[in-house]
Amino acid sequence: MSKSRKRKRLLQDDGGDSKSPACNGSTISGGDPYPELLRPTVDECRDVRDALLSLHGFPPEFASYRRQRLRSLDGHDTQCSVDSDEEEESVLDGLVKILLSQNTTEANSQRAFASLKAAFPKWEDVLVAEPNSVENAIRCGGLAPKKTVCIKNILSRLQKERGSLCLEYLRVLTVEEVKTELSHFKGIGPKTVSCVLMFNLQHNDFPVDTHVFEISKALGWVPKTADRNRTYVHLNHRIPDELKFDLNCLLYTHGKLCSNCKKNAARPKAKVASPDDCPLLGFSGLV
């Protein structure tokens, strides 16, 4: 695959890059682009959440983030909580994990991050390392040259502007301030920002990846002509804050596992006909 095609795939997965208008606050936030579309309703969101939870259980790969969120809502300091031995992931670690997860499998992205940390235990080591060395460490995650440039750009900017390789200062910022701050980092698009907000900063945000996007269109929650950015804004207006985290994790998981929803995304002629195979078939738009 050519470098230009690889770049296109990466940007499509994240909805753009930091130079794109889609990454500024006025586009990925603000007024609902579909104010007359009164879906999804609160009941729909809850029913879909419950149906997918019944089918899949809560996805184990997101369980630690869920526990951190619950502790945060209970008023505990998640970094110093005596109620759990689970150490909270740093914001910078979380951001890099999200970048490495783009256009690859969960298993490959986890291997890439583990390989990166094994080769370079400290972010300072990554900052001064030769790009080829970093690429070799994360090659198993795919798009290693592009992701290396992005990671090193983040570290360079942090060192230059903050004097340290740390993003913990984002924890005290508002959602809009976080979006503005992260939009300054080259290569970070709206979906990555939204994931950091939801997973690492415990904000009530609703990222729109490919799976969430396709299922939302199939359910009629957004128009068929909707793009990812408008879908993000509309769903964040319509979905209750208390349902966003679980519903998002479950839609993502279901999109990966359900053959029917994968087929919907590919628009085939054949469809799985039984709600026993896909509980979403019982909801408007997928029957």
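The values are calculated or read from the model by the stated rules, or taken from the named source; none is laboratory data. Remember, it's a predicted structure, so these values are computed and weren't measured experimentally. Every residue, glycine among them, receives a Cβ derived from its backbone with ideal geometry; neighbour counts consider all protein chains shown. Surface accessibility is based on the protein's heavy atoms, side chains included, excluding ligands, DNA and RNA. Shrake-Rupley method; radii C 1.70, N 1.55, O 1.52, S 1.80 Å.
Picking from residues in the range 261-278 that are surrounded by fewer than 20 Cβ atoms within 10 Å (Cβ to Cβ) and assigned to a helix (DSSP H, G or I), the one that is modelled with the highest pLDDT is Lys262.
Per-residue answers, yes or no, for (1) modelled with pLDDT under 95; (2) closer than 30 Å to Pro223 by Cα:
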{"position": "Thr41", "(1), (2)": "no, yes"}
{"position": "Glu44", "(1), (2)": "no, yes"}
{"position": "Leu70", "(1), (2)": "yes, no"}
{"position": "Cys80", "(1), (2)": "yes, no"}
{"position": "Glu86", "(1), (2)": "yes, no"}
{"position": "Thr104", "(1), (2)": "yes, yes"}
{"position": "Arg111", "(1), (2)": "no, no"}
{"position": "Leu127", "(1), (2)": "no, no"}
{"position": "Asn136", "(1), (2)": "no, no"}
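Annotation: of all residues in the range 144-180 being small (Gly, Ala, Ser) and closer than 22 Å to Gln102 by Cα, the one that is most open to solvent (accessible area, probe 1.4 Å) is Ser156. Restricting the search to the range 210-240, which residues are within 16 Å of Arg49 (Cβ to Cβ) and more than 16 Å from the chain's Cα centre (by Cα)? Across the range 210-240, the qualifying residues are Leu219, Trp221, Arg238, Ile239, Pro240. Within the set Ile215, Ile151, the sole residue that is in contact (Cβ under 8 Å) with a residue 12 or more places away in the chain, in a helix (DSSP H, G or I) and within 18 Å of Glu89 (Cα to Cα) turns out to be Ile151.
Answer yes if at least one residue in the range 108-125 is within 26 Å of Cys249 (Cα to Cα) and touching a residue at least 60 places away in the same chain (Cβ under 8 Å), and no otherwise. Within the range 108-125, none of the residues are within 26 Å of Cys249 (Cα to Cα) and touching a residue at least 60 places away in the same chain (Cβ under 8 Å). Residues being under 21 Å from Val134 (Cβ atoms) and of a type in the set (D, E, K, R) are represented in the range 180-193 by at least one member. When the criteria are applied in full, Phe199 fails the requirement of being in a loop (DSSP other than H, G, I, E, B), crowded, with 16+ Cβ neighbours inside 10 Å and not basic (Lys, Arg).
As an exercise: evaluate Ala226 against (1) crowded, with 18+ Cβ neighbours inside 10 Å; (2) modelled with pLDDT of 95 or more; (3) not in a loop (DSSP other than H, G, I, E, B) and give the number of the one condition it does not meet. Failing condition for Ala226: (3).
Does Glu88 count as open to solvent by less than 50 Å² (accessible area, probe 1.4 Å), outside any helix (DSSP H, G or I) and touching a Ser or Thr at 6+ places or on another chain (Cβ under 8 Å)?
Against the criterion (open to solvent by less than 50 Å² (accessible area, probe 1.4 Å), outside any helix (DSSP H, G or I) and touching a Ser or Thr at 6+ places or on another chain (Cβ under 8 Å)), Glu88 qualifies.
Of all residues in the range 115-134, those satisfying the criterion of being open to solvent by 40 Å² or more (accessible area, probe 1.4 Å) and small (Gly, Ala, Ser) are Ser115, Ala118, Ala119, Ser133. Val193 meets each of the listed conditions (1) part of a loop (DSSP other than H, G, I, E, B); (2) at pLDDT 95 or above; (3) of a type outside the set (Lys, Arg) apart from (1).
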